[in-house]
1. Residues of region 101-111 being more than 17 Å from Thr79 (Cβ to Cβ) and surrounded by 14 or more Cβ atoms within 10 Å (Cβ to Cβ), which ones?
2. Of all residues in region 111-134, how many are near the ligand (Cβ under 7 Å from one of its atoms) and either small (Gly, Ala, Ser) or closer than 15 Å to Met70 by Cβ (or both)?
3. Considering only region 76-101, state which residues are out of contact with any Lys or Arg (no Cβ under 9 Å at 6 or more places or on another chain) and within 25 Å of Gly158 (Cα to Cα).
4. Which members of region 71-100 meet the condition of being touching a strand residue (DSSP E or B) at 6+ places or on another chain (Cβ under 6 Å), more than 16 Å from the ligand (Cβ to nearest atom) and assigned to a loop (DSSP other than H, G, I, E, B)?
5. Can you give me the number of residues within region 73-106 that are in contact with a helix residue (DSSP H, G or I) (Cβ under 6 Å, 6 or more places away or on another chain) and modelled with pLDDT under 95?
6. I want to confirm something. Restricting to region 10-52 and keeping residues that are modelled with pLDDT of 90 or more and exposed (fewer than 11 other Cβ atoms within 10 Å of the Cβ), which single residue is nearest to His73 (Cα to Cα)?
Amino acid sequence: MHQQEADFSYRLWRHDGAQGELIPLLQSAQEHFGYIPRRAIRYISGVTKVPESKIYGVITFYSQFRLQPMGKHAIRLCTGTACHVANASMLLDVIEDEIGTEVDGTSEDGVFTLFSVACIGCCSLAPVMMVDDETHGSLTPVTTRRIVRKVRRTTLAGEKAAAKKAEEEAAAPSAG
Ligand code: FES
């Protein structure tokens, strides 16, 4: 059993069955897995006797919980007032179209998770987005698409190179 899963099971084992513990258990699952996988929901339902459908309802109600793993890169598009006035909603459409998922979702290739955030403090550069720790300002649909594509290209190329290297290492005769 994976260590994170073992820790999580331990917490479940210690759980006394009180339904009020649902939120802490969900927090614990998210802390261990980075999101709340389906199997964790099954475990929690079994222990708390709260139906899975109700647990899904709780998860979707609280924005702190995620049903999908995080992508390798977080895009945070500012939708604060200055950015909103500078057409951030159009950029949101562009990003959603480019990565194929909506706000709070992770792209199918696992490269991006998209967030819509309040003012990030550089309104003079509106509209603004952050990709991980890097801020990009004065965005247009064209520059936004270009940035997203570049990050995706670099990420996928890096993954490919790493996979190739691992393959070569596995195929190489061991020394000695
Ligand atoms: S409103 Fe977007 S940076 Fe301030």
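The values are calculated or read from the model by the stated rules, or taken from the named source; none is laboratory data. Nothing here was measured: the structure is a model prediction, and the numbers come from that model. A quick note on method: Cβ atoms are made from the backbone with ideal geometry, for glycine too, and the neighbour counts reach across all protein chains shown.
1. We begin by selecting, within region 101-111, every residue more than 17 Å from Thr79 (Cβ to Cβ); these are 106-111.
Listed by number, the residues that qualify are Thr106, Ser107, Asp109, Gly110, Val111.
2. Of the residues in region 111-134, 2 are near the ligand (Cβ under 7 Å from one of its atoms) and either small (Gly, Ala, Ser) or closer than 15 Å to Met70 by Cβ (or both).
3. First, pick out the residues of region 76-101 that are out of contact with any Lys or Arg (no Cβ under 9 Å at 6 or more places or on another chain): 76-93, 96, 100-101.
Arg76, Leu77, Glu96, Gly100, Thr101, listed by residue number.
4. Within region 71-100, Gly71 is the sole residue that qualifies.
5. Total satisfying the criteria: 1.
6. Arg38
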